Amino acid sequence: MELFETVTRMGHEQVLFCHNPEQNLKAIIAIHDASLGSAMGATRLWPYVSEADALRDVLRLSRGMTYKAACANIPVGGGKAVIIADPRAKTSELLRAYGRFVNSLNGRFITGQDVNLSPRDVREICRETKYVVGVSEKSGGPAPITACGVLLGIKAAVEFGLQKRLDELKIAIQGLGNVGSNLCKLLYEKGATLFVTDINSERTAEIKRLYGATVVEPDEIYTLDVDVFSPCALGATLNDSTIPLLKASIVAGAANNQLENEQLHSKLLKSKGIFYCPDYVINAGGLIDVYNEMIGYEEHKAFKQLNGIYDTLLEIFNIAKQQDITNFEAAQKLAEERIKKARLQKATKEH
Ligand code: NAD
């Protein structure tokens, strides 16, 4: 990978390689855009097969955060960090060494909890830096709000594309972790019929018991005759092999980077008549939650922003329809316009 060519093309401002040999810490912090405020993005710990994979992931995820904030009308920039490690090798010292790197950026980067980090781990990082969100003991974490946002997204897509009520829907949910399990609860309360999968059989058994969901094998979830496919596990599950299997009319889920190749696979979905809810728009509830925690939580403000997910998605669907482009391309356009406008407003205020 030609590093400077890549960051120029993707628009990153700064990429920090963090190395602490005593704790065997290898981490990468990517700041995509801090022009509107501190770059916000959670930290993921993952045993990447190669350093190039880790770099690719952090660059893509941090750019997604910039677009996510813009679409959610949140005045922050986009960033992300990855720690390259086996989750079993996670120690308090390693997390604290990482926290010192976050601190060295003096608030240009604010982080929180992502895959393989628990709220307890985040509190370890917090011992070295105040630039961490989502650490409040009382907070239930961002997942319940993320699930509410995904429900709003499903509602918008179904109203726009299917003209069905939620209680008439059959929905396939891939991944029953923090967000997926909350989403099952919300959809069950709305009367939807659930089909679920997870690689963890305790989770599928629990969701079957609580919400009467039909459990299927991980590979089977793509092939079901359902209205909505909701990816809530890890990224890149929609690709050349899985998209041809889909029978759902709508893809609407919480996972980040659902499409292995955004340009290619958003076009493939469109060509199959499948309506895609851009991931960084529909899953912005988590960012909305931690941002509001950071500025001093006021429920009515947070819920207004959350409801904005529904309106923004309808705006994106309309742009895509009018211009005959994919929903992914329409979301990029909308995000870029909002970033441009916010930069102009900020520059006007400063002069
Ligand atoms: P999680 O780790 O709690 O849950 C992920 C679940 O997916 C786990 O139960 C895991 O066993 C399952 N899984 C993994 N591989 C699978 C496979 N091949 N097939 C089926 N199941 C599989 O994560 P989470 O917090 O629920 O987040 C889910 C996704 O949503 C992630 O991509 C995350 O980045 C994204 N996201 C989460 C939030 C949030 O608030 N937690 C916010 C925005 C986006």
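Compactness of segment 1-79 was expressed as the Cα radius of gyration divided by 2.2 N^0.38 Å, which yields 1.12. To test your reading of the geometry: what angle, between 0 and 90 degrees and rounded to tens, separates the Cα axis of helix 285-295 from the longest principal axis of the chain? Between the helix axis and the principal axis of the chain, the angle is about 40 degrees. Along its first, second and third principal axes, ordered by size, the chain spans 53, 50, 43 Å in Cα coordinates. Mean projection of the Cα convex hull over all viewing directions, computed for segment 93-208: 9.2 nm².
Each listed q (0.12 Å⁻¹) maps to a log10 I(q)/I(0) for segment 208-351 from the Debye sum over equal C-alpha point scatterers, namely -0.60. Note on LYS333: lysines with a C-alpha under 26 Å away, same-chain residues under 8 apart excluded, are LYS68, LYS80, LYS155, LYS267, LYS270, LYS272, LYS301, LYS304, LYS321, LYS341, LYS346, LYS349.
Straight Cα distances below 18 angstrom link LYS190 to the aspartates and glutamates GLU159, ASP167, GLU168, ASP227, with same-chain residues fewer than 8 positions distant left out. Taking Cα centre as origin and charging only the Cβ of basic (Lys, Arg, +1) and acidic (Asp, Glu, -1) residues, the dipole magnitude of the chain rounds to 740 debye.
With a cut-off of 11 Å between beta carbons, the residues surrounding GLY191 carry a summed charge of -1, where Lys and Arg count +1 and Asp and Glu -1. Averaging 1/r across all pairs of distinct Cα atoms in segment 295-351 and inverting the result yields a Kirkwood radius of 13.2 Å. Taking the square roots of 5 times each eigenvalue of the Cα gyration tensor of segment 19-150, largest first, gives ellipsoid semi-axes of 22, 17, 15 Å. With n ≥ 4 as the cut-off for DSSP H runs, can you work out [θ] at 222 nm for the chain, using -39500 (n - 2.57) per run divided by the number of residues, rounded to the nearest 500? My calculation for the chain gives -15000 deg cm²/dmol from helical runs alone.
Treating each Cα of segment 186-242 as an identical point scatterer and summing with the Debye formula, the log10 of I(q)/I(0) at q = 0.14, 0.26, 0.27, 0.29 Å⁻¹ comes to -0.39, -1.25, -1.31, -1.41. The GluC sites (Glu not before Pro) of segment 46-147 that meet both conditions, a loop assignment by DSSP and at most 12 other Cβ atoms within 10 Å of the site Cβ, are GLU137.
Compared with the dominant principal axis of the Cα atoms in the chain, helix 262-271 is inclined by about 10°. Net charge within 12 Å of SER241 by Cβ-Cβ distance, Lys/Arg positive one each and Asp/Glu negative one each, not counting SER241 itself? For residues surrounding SER241, the net value is -3.
Using a 1.4 angstrom probe on heavy atoms only, work out the carbon and sulfur share of the accessible area of the chain in %. The nonpolar share, carbon plus sulfur, comes to 50 percent. Other residues within the sphere of radius under 11 Å centred on the Cβ of ALA42, judged by their own Cβ, net out at +1 (K and R +1, D and E -1). Under the criterion of Cα pairs below 8 Å and six or more residues apart, the relative contact order for the chain equals 15 percent.
Loop-located GluC sites (Glu not before Pro) in segment 280-351 (DSSP state not H, G, I, E or B) with no more than 12 neighbouring Cβ atoms inside 10 Å: GLU298.
The values are calculated or read from the model by the stated rules, or taken from the named source; none is laboratory data. Note that this is a predicted model, so its numbers are computed, not measured. Virtual Cβ from ideal backbone geometry, glycine too; neighbours counted across all protein chains shown. Keep in mind that these areas ignore ligands, DNA and RNA; they rest on the heavy atoms of the full protein, side chains included. Shrake-Rupley method; radii C 1.70, N 1.55, O 1.52, S 1.80 Å.
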